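To keep things clear, I will list the structure first and then write my remarks on it.
The values are calculated or read from the model by the stated rules, or taken from the named source; none is laboratory data. In this text, all values refer to a predicted model and were calculated from it rather than measured experimentally. With ideal geometry, Cβ positions are generated from the backbone for all residues, glycine too; neighbour counts draw on all protein chains shown. Heavy atoms of the whole protein, side chains included, go into the accessibility calculation; ligands, DNA and RNA do not. Shrake-Rupley method; radii C 1.70, N 1.55, O 1.52, S 1.80 Å.
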Amino acid sequence: MNLQYNYPEILAWLEQKGKQDYGDTFCFEEQDAPKIIKLIAYFLKDEVKTKELGIDLTKGILLTGPVGCGKTSLMTLMKYVTKPNNRFYMKTCRDISFEFIKEGYEIIHRYSRGNYSQTDYKNYCFDDLGVEQNIKYYGNECNVMAEIILSRYDLFFARKVITHLTTNLSASEIESAYGNRIRSRLRGMLNLISFDKNTADKR
């Protein structure tokens, strides 16, 4: 059965949720509406709309855009429209890097494969990819997020585990920071939704 969603109505409702969470000055910019509708359609699992918009429901979301364009706020607001079997946990890449300094390689397992015996894997949104730096644990340098992404790519194909990412980096900057292998993996497991590089800082 195809459900018909009223997207202008959902946008208005979600903007009110944004005002509740972020204050009365929160609002959606008219030019951002097409990107927000893509996100809403994806998290509602609206097969008709996502097909029309060229979004693959089996993949996650890569939300890109300049600093302050609202990526983190939008992904956080998606909790209001996400279907129960599509829920995800938000985690900043910076926090993960600090956890790695403190706890070491166990952190990579925590956010990728988890415990080897487990059968229930979590969907995550890793927020602000690129702000973390290559860091050292007992003298060994490790690109923590690159390792996590590689593991979650394997999980995506083996168990359909979903990963979302937000980043200020362009595709070429991702390749420079993480290598062509990571860029290729991201292309295979994520739908790209991008804000124009000239989008104004909303903060």
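Rolling a 1.4 Å probe across all protein chains gives Ile174 an accessible area of roughly 10 Å².
Which shape class, rounded, prolate or oblate, goes with region 144-203 when its Cα gyration tensor gives a ≥ b ≥ c as root eigenvalues, a/c under 1.5 marks rounded, and past that a/b bigger than b/c marks prolate? Prolate. Pairwise alpha-carbon distances in region 1-120 exceed 24 Å for 39% of all pairs. Taking all protein chains together and a 1.4 Å probe, the residues Asp95, Asp32 rank Asp95, Asp32 from largest to smallest accessible area. The lysines within cross-link reach of Lys35, meaning a Cα-to-Cα straight distance under 21 Å and a gap of 8 or more places when in the same chain, are Lys17, Lys19, Lys45, Lys49, Lys51, Lys59, Lys71, Lys79, Lys83, Lys197, Lys202.
For a modelled paramagnetic label at Asp21, 7 Å from Cα along Cα-to-Cβ, the residues of region 161-182 in reach, with backbone nitrogen under 17 Å, are 164-167. Note: the chain, Cα convex hull, 133 Å³ per residue.
Roughly speaking, to the nearest percent, how much of the chain's 1.4 Å accessible area is carbon and sulfur?
Heavy-atom surface of the chain belonging to carbon and sulfur, 1.4 Å probe: 47 percent.
Projected label points at Val48 and Val67, each 7 Å from Cα along the beta carbon direction, are separated by 4.3 nanometres. Between the residues Leu39, Met90, Thr58, the greatest Cα displacement towards the positive end of the dipole of the chain, with unit charges on the Cβ of Lys, Arg, Asp and Glu, is found for Thr58. Computed from label points 7 Å out along Cα-Cβ, the spacing between Glu175 and Phe157 is 2.1 nm.
Within the full protein context, the accessible area of Phe157 is estimated at about 110 Å² for a probe radius of 1.4 Å. Using helices alone, what [θ] at 222 nm do you get for the chain, with -39,500 (n - 2.57) per DSSP H run of 4 or more residues, divided over all residues and rounded to the nearest 500? Mean residue ellipticity at 222 nm (helix-derived): -13500 deg cm²/dmol.
Could you do me a favour and compute the accessible area per residue for the chain, 1.4 Å probe, result in Å²?
Result: 55 Å² per residue.
For the chain, DSSP calls about 15 percent of its internal beta bridges antiparallel. Kirkwood-type hydrodynamic radius, region 9-78: 12.8 Å, calculated from all non-identical alpha-carbon pairs.
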